[in-house]
1. Does region 269-389 come out rounded, prolate or oblate by the C-alpha gyration tensor, with a ≥ b ≥ c the root eigenvalues, rounded set by a/c under 1.5 and, if not, prolate when a/b is larger than b/c and oblate if not?
2. If I compute solvent accessible area with a 1.4 Å probe over the protein chains, what percent of it on region 569-657 is carbon and sulfur?
3. Could you tell me the accessible area of residue 55 in Å² (1.4 Å probe, neighbours in place), rounded to the nearest ten?
4. Which whole-Hz ³J(HN,Hα) couplings does region 211-220 yield from phi under the Karplus relation 6.51 cos²θ - 1.76 cosθ + 1.60, θ = phi - 60°, glycine and proline marked x?
5. Can you list residues from other chains, or at least 5 along the same chain, whose modelled amide H is less than 5 Å from the amide H of residue 394?
6. Sorted by packing (mean other beta-carbon atoms within 10 Å per residue), highest first, where do 384-397, 207-220 land?
7. Take the Cα of residue 219, step 7 Å along the line toward its Cβ, and report every residue of region 318-360 whose backbone nitrogen sits under 16 Å from that point.
8. With a cap of 16 neighbouring Cβ atoms within 10 Å, and only residues DSSP puts in a loop, list the GluC sites (Glu not before Pro) found in region 731-835.
Amino acid sequence: MPGSFEKSKPKFNIASLPRLGMNEKDLISDFKHNYSHRLGRDEHCNCLHYAYEALALTVRDRLSERWKATYNAYKDKGCKRAYYLSMEFLMGRSLTNAMLNLGLTDEVHKTLYELGLDLEELIESEPDAGLGNGGLGRLAACFIDSCATLQLPVTGYGLRYEYGMFNQLIMDGDQVEEPDHWLRNGNIWEIERPEYTQTIKFGGHTETYIDEKGHERVAWVGTQDVLAVPYDTPVPGFQNSTVNILRLWKASATEEFNLGEFNAGDYAESVAAKNTAENITMVLYPNDANENGKELRLQQQYLLASASLQDILEHWVGRHGQDFSRFAEKNCFQLNDTHPSISVAELMRLLMDVYGLGWDDSWAIVQKTMAYTNHTLLPEALEKWSVGLMQRMLPRLMEIIFKINADFMSQVSAHWPGDFARMGRMSIIEEGGEKQVRMAFLAIVGSFSVNGVAELHSKLLRQDLFKDFSELWPEKFNNKTNGVTPRRWLAACNPELASLISEKIGDGWITDLSQLQKLAPYAEDAKFRKRWHAVQQQAKQNLLDYKKEELGLDFEVNVDAIFDVQVKRIHEYKRQLLNVLHVIHLYNRIKSGDTANWVPRCVLIGGKAAPGYYMAKKIIKLINNVADVINSDPDVGDKLKLIFLPNYRVSAMEKICPGADLSEQISTAGKEASGTGNMKFMMNGAVTIGTLDGANVEIREEVGDENFFLFGLTEEEVTEMREHYNPMAIIDADEDLKKVIDLINCGHFNRFEAGIFDDIIHSLASPDDPWMTVADFRSFIDAQRRVEIAYQDTERWTKMSILNCAASGKFSTDRTITDYNNDIWKLTPVAVKGG
Ligand code: 376
């Protein structure tokens, strides 16, 4: 009977698969299966890359199971969700983190030993996912790690750049950029999801029409469309079975070939059109300050905003139909700086033009769901887009922005009648010259929350940059001090220190970093200090060994020297120059025989300059030239070394931060929004020398003034001194500083390259130097003297190191994300079974 056969036919069901085993035996067998069957290699292919891929697949399959379980848990709960919209996710490598979070590290070690493979080598063969510039992008990566660990239903949305952050080569002391084709050998961690492809409109014009209900609606027509194809990467929580999603969009042409043009014989044109579309996500912009106005950059921003919002709305409609009455209760968008802030207008467009809501209902949803984080006080980094460009590229969005601004201006005028100056200052549209859209103002007007990333930064946002707005809406403004994930930045990158810590206080600190405070009493324990010191010395040796190989260093470095480290983007406000001035001062002391009680020091500086940033590139050249002179001078020997670390990136920091004694956080007060490198160093037991800037203020508060080397003008003093700043007078009055400047000036570091450092000298000596480097010189030198005295006393230094680590609990992104969740997102954690 055919009918009864059909009834008994089993339904397609793969959900009941047993979970993959987590022991050595299962791992070995899966590794072999992946290597030979999925990758099609045999034992004659002695290729590290395939061994890495086989292991990564073995780990990924175990993530996939938990990924599905997490998806189902969220779906069953129908919980509120948050979305982290960011142009950058600086993820680095995935393998070590995935193993740690699955609790697989030990078993994998045994497995690879059995297979005759070196895990370290496989780990090193994974390229960094360098989809970000620096602080802002790495913060996004730490955030989604903490969201998964805290079991929060948060999805990251970003772009899948074909080329990530450029690789930095140093040639003759100069930075040379090399494209980073990180996807060349494929990417095991991503899964393409073509079924969730979205269409993105560009260009065209708008028309009004009357819909079937008699309402006036707007159609955006005559557009050139581009497809956005999502690629999902798993984001595992720490040993809790939660695996969240990072969804990255790749731009793609709408049709493989434009047949019309193809038939007309214009083959090249039609293929070129395909390239134009795919160009949109080809490359990450490498400027971590401004380079305003680039058309391709606006296309990137809009593609991210539109694809992500369409994806989220489609998901909503799939579950709730066209009923948006509870949408705002169930969804929240966090904008990572203004880069995705076109989302404010795009959500309006989708709700009105696609789903037929009215203006007021749509605006109410926008204002209840959008939250904006600012990451910089530098005025030149504030994004603006020309109105003309927007009208051409995104005509419907520009109409919406005009209307948002008109409504907003009425509100301002009602609040401050007749205050036209204030209206001009606050308008989303900047008048005078070419009209511009001020994206930060659009973000503030459209959001219910605006936050800075450290207490000082948030205060300055309220007092200066966004003063008018905070007077109008004081309740919107809040602070969320940054953090870093302790899984990657302590447990994974410094396993020796991590296990020493766990031996004393247990391993609860991995998910509750405030427990590190339990270490503080051990600072008084001489035996413990000895072990702590030994672990740190070994980390310094590891760093040296690694760098020696990579850099081909032809001189010896003393591991007992102070490892004095500054790694971050090269920017004038971060004042790598001040660091170099100090190094030259030490060199002068050595050369003049002022070396009584000398404390050997090895200064390590690393970071990339934006390719178009002239002064930053000069600073790199200066560091390298000074290093050449000092490192080859026999009078200097191991008293002083200066090393530039090329191609600074996430995986480099994982090796650098365990081996640092001294963390340089020396920006001009009021310029560094927060800093996060400062937190990684502190967590690993480095002591900070720093100004009262960004999160340094809070680091010092946590660890106490006696365990922090403070120097420099405060933000108020900087502002006050700016009025009458006279660096020449300061140089003339300070013999040591004068000697340093004279030595650069006389060409000692550029014997065969006349004049190349003139611009650096001019900027230091200019009364208009915004970074006021010279003003902080003396105070910096004095603080470095205090560092040396403290370092000479190993017991005292080790105590400070332990206390820094013990006090770093606040700077976990678990704390940061808990704050975001309590004050802004208000999500309920969802436990995933099997965790
Ligand atoms: C940009 C980054 C990429 C592309 C364009 C940009 C335009 C303006 C500003 C950018 N970047 C930042 O503002 C940035 O990276 N800020 C850093 O954010 C970190 C995380 O909050 C802070 O710790 C740093 O202090 C801050 O400089």
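The values are calculated or read from the model by the stated rules, or taken from the named source; none is laboratory data. Quick caveat: nothing in here was measured; it's all calculated off a predicted structure. Cβ: placed from backbone, ideal geometry, glycine included. Neighbour counts: every protein chain shown. Just the protein is used for accessible areas: all its heavy atoms, side chains included, with ligands, DNA and RNA removed. Shrake-Rupley method; radii C 1.70, N 1.55, O 1.52, S 1.80 Å.
1. oblate
2. 49 percent
3. 10 Å²
4. With coefficients 6.51, -1.76 and 1.60, one gets 7, 5, 8, x, 8, 6, 10, 10, 10, 9 Hz.
5. 203
6. My ranking of the peptides, most packed first, is 384-397, 207-220.
7. Answer for this model: 353-356.
8. 753
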